[in-house]
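In what follows, a single structure is set out as structure tokens and then discussed.
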Amino acid sequence: MAADPLALFDQWFAEARAAEPNEPEAMTVATTGADGQPSARMVLLKAHGPEGFAFYTHEQSAKGQDLAESPRAALLFHWKSLCRQVRVEGGVDRVSTAEADAYFATRSRDSQLGAWASDQSRPLDSRATFEQRFEEAKRRFDGQDVPRPPAWGGYRVVPERIEFWTAREHRLHERRLFTRSGNGWSEGLLYP
């Protein structure tokens, strides 16, 4: 019987939160669009559990467009101070409207306003234009709660494969691979 990779992730993530000096929730998200061109960028993990690993973004951003065309992704967590990495691969689902609203409400007001001001991944003629749009959003929502923009939401990577990588001396690293098998997981090792 394989160990539970989600419980192992919880343990490693807790250790990363205690050890990493800067944003242990940072992860690389790799996607591909219909053209097959891979694209990777850093985002922040905002929730995780048995249902998967969630992050939020503008749905018309480059990653949102990729996920609309090809709803699969790979995640990479790298915790340098612990000499560890976790790779996650799987299909992608949208989080519910209620989840997206609840998370958006936890963001700072300026982050909420920034979501309204930004046409994420679209060309920008100057920083001044973005700052002007931010000021317009501040005026628009002055004295009221900032609602979640309609084109802003979340995605959940539903893991099919999770690899736990630990650095070892002389590059004799340890790689544990968990693969979803029905309602459970199978576990094996990979050569470094």
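The values are calculated or read from the model by the stated rules, or taken from the named source; none is laboratory data. Every value quoted in this text rests on a predicted model; they were computed, and no experiment measured them. So basically every Cβ, Gly included, is an ideal-geometry build from the backbone, and we count neighbours across all protein chains shown. Each accessible area value is taken on the protein alone, full model and side chains, heavy atoms only, with ligands, DNA and RNA left out. Shrake-Rupley method; radii C 1.70, N 1.55, O 1.52, S 1.80 Å.
The table below gives the values:
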{"quantity": "Whichever residue in the stretch 59-80 is part of a strand (DSSP E or B) and open to solvent by less than 20 Å² (accessible area, probe 1.4 Å) and, among such residues, is farthest from R168 (Cα to Cα)", "calculated": "A73"}
{"quantity": "Residues (open to solvent by less than 50 Å² (accessible area, probe 1.4 Å) and closer than 15 Å to H78 by Cβ) located in the stretch 26-52", "calculated": "A26, M27, T28, V29, A30, R41, V43, L45"}
{"quantity": "Sole residue being closer than 29 Å to W79 by Cα, of a type in the set (D, E, K, R), free of Cβ contacts under 8 Å to residues at least 12 places away in the same chain and out of contact with any Pro (no Cβ under 9 Å at 6 or more places or on another chain), chosen from E160, E131, E135, E169", "calculated": "E169"}
{"quantity": "Single residue of the stretch 81-125 satisfying the filter (among the hydroxyl-bearing types (S, T, Y) and at pLDDT below 95) that is least open to solvent (accessible area, probe 1.4 Å)", "calculated": "S118"}
{"quantity": "Check on F53, assigned to a strand (DSSP E or B) and touching a Lys or Arg at 6+ places or on another chain (Cβ under 7 Å)", "calculated": "yes"}
{"quantity": "Set E160, E131, E136: member being at pLDDT 95 or above, acidic (D, E) and part of a strand (DSSP E or B)", "calculated": "E160"}
{"quantity": "Within the stretch 4-25, considering residues that are among the charged types (D, E, K, R) and assigned to a loop (DSSP other than H, G, I, E, B), the one surrounded by the most Cβ atoms within 10 Å (Cβ to Cβ)", "calculated": "E20"}
